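J.: Would you mind keeping the following structure in view while I ask a few things?
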Amino acid sequence: MSISPHVSPDTNLDELNAIFEHHELTSVPVIDRHVRLLGVVTRAGVIEALAERADEEHRKMQGIIGGDEIRTMPVLTRSLRRLSWLSINIVLNIIAASVIAFYEDTLSAVIALAVFLPIVSDMSGCSGNQAVAVSMRELALGVVKPFEVVRVWLQEILVGLINGLALGFLLGTAAWLWKGNPYLGLVVGGALAANTILAVSIGGTVPLLLKRVGIDPAVASGPILTTVTDMCGFFLVLSIAAAMLPLLVAS
């Protein structure tokens, strides 16, 4: 006897989700190897389970590790859960800040650059986080495998190129209109475009690489992306500005 569609007791959440996505059903039967009915799985139950998993992954990405946190827990327990990645971020942010210190003279010569540094790093980080979210979802659904890094990277490069050029143009135009200096617009716009391409490349591929080596990508992808996009964003803005300093100062 054949019953279709149906699931077995060991069917995982992603497989259940795929069944409900492909069939207009409110529930499916759970059948054992002797074709005995053990129960049913509902669409609503699968959606709820997916939401709980997404919430857990979100907490991990925010550095809250070890399950649900509620404010009735001991203060020390709550503190240690949050502190695990925050303490590492101190070191990573010091590295990013050292880039600014290295180009202190350039920053002093063109003070307006200080306004655009956080914009470049933040906008690039947002683009990278979008790529992280897509990769995390595709990994969870089994749409992409950890070894498909090159394919994912090539797909993200195209998106990053289009979005980077668009965002870079908008920011560059804003800088030009604000200071009346086209070279300032070229510096910040070019830096944002380049950093956006880098950010989506990292955001799209790092979850796959971490998964491949057995590290939970939900925990580590965010801090890695944030630090690298900050550091590279600062470097791109200030290094391009240093190369074009006579034009920036003269205009």
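The values are calculated or read from the model by the stated rules, or taken from the named source; none is laboratory data. A quick note: this is a predicted structure, and the numbers were derived from the prediction, not measured. Neighbour counts run over all protein chains shown; Cβ positions are idealised from the backbone, glycine included.
J.: Could you count how many residues in the stretch 105-128 are surrounded by fewer than 16 Cβ atoms within 10 Å (Cβ to Cβ) and part of a loop (DSSP other than H, G, I, E, B)?
T.: Residues flagged as surrounded by fewer than 16 Cβ atoms within 10 Å (Cβ to Cβ) and part of a loop (DSSP other than H, G, I, E, B) within the stretch 105-128 amount to 1.
J.: What number of residues within the stretch 1-48 satisfy the criterion of being charged (D, E, K, R) and surrounded by 12 or more Cβ atoms within 10 Å (Cβ to Cβ)?
T.: Here the count works out to 3.
J.: Evaluate the following for residue 73: is it at pLDDT below 80 and over 28 Å from residue 133 (Cα atoms)?
T.: Yes: the conditions hold for residue 73.
J.: Any residue in the stretch 170-197 that is touching a residue at least 40 places away in the same chain (Cβ under 8 Å) sitting within a Cβ distance under 6 Å of a residue that is part of a loop (DSSP other than H, G, I, E, B) and of a type in the set (S, T, N, Q)? List the pairs, counting only those 6 or more apart or interchain.
T.: 181/251; 183/251
J.: Just checking, which of 180, 214, 185 is surrounded by fewer than 19 Cβ atoms within 10 Å (Cβ to Cβ), more than 22 Å from residue 143 (Cβ to Cβ) and not β-branched (Val, Ile, Thr)?
T.: Every option except 180 fails the conditions.
J.: Looking at residue 198 and the list (1) under 15 Å from the mean Cα position of the chain (by Cα); (2) aliphatic (A, V, I, L, M); (3) not in a helix (DSSP H, G or I), which single condition is not satisfied?
T.: Against the list (1) under 15 Å from the mean Cα position of the chain (by Cα); (2) aliphatic (A, V, I, L, M); (3) not in a helix (DSSP H, G or I), residue 198 comes up short only on (3).
J.: Oh, and also: On the basis of being in a helix (DSSP H, G or I) and either in contact with a Cys (Cβ under 7 Å, 6 or more places away or on another chain) or of a type in the set (Val, Ile, Thr) (or both), does residue 144 make the cut?
T.: No, not satisfied.
J.: Inspect the stretch 203-215 for any residue being more than 23 Å from residue 114 (Cα to Cα), in contact with a Gly (Cβ under 6 Å, 6 or more places away or on another chain) and either not assigned by TED's automatic domain parsing to the domain that holds residue 99 or not aromatic (Phe, Trp, Tyr) (or both) and give the result as yes or no.
T.: Yes, the stretch 203-215 contains a residue that is more than 23 Å from residue 114 (Cα to Cα), in contact with a Gly (Cβ under 6 Å, 6 or more places away or on another chain) and either not assigned by TED's automatic domain parsing to the domain that holds residue 99 or not aromatic (Phe, Trp, Tyr) (or both).
J.: Looking for something more than 30 Å from residue 215 (Cα to Cα), in contact with a His (Cβ under 7 Å, 6 or more places away or on another chain) and at pLDDT 80 or above - is there at least one such residue anywhere in the stretch 9-28?
T.: yes
J.: Starting from residues that are of a type in the set (A, V, I, L, M, F, W, C), buried (at least 19 other Cβ atoms within 10 Å of the Cβ) and at pLDDT below 95, keep the ones in the stretch 141-174 and report whichever is nearest to residue 115 (Cα to Cα).
T.: 152
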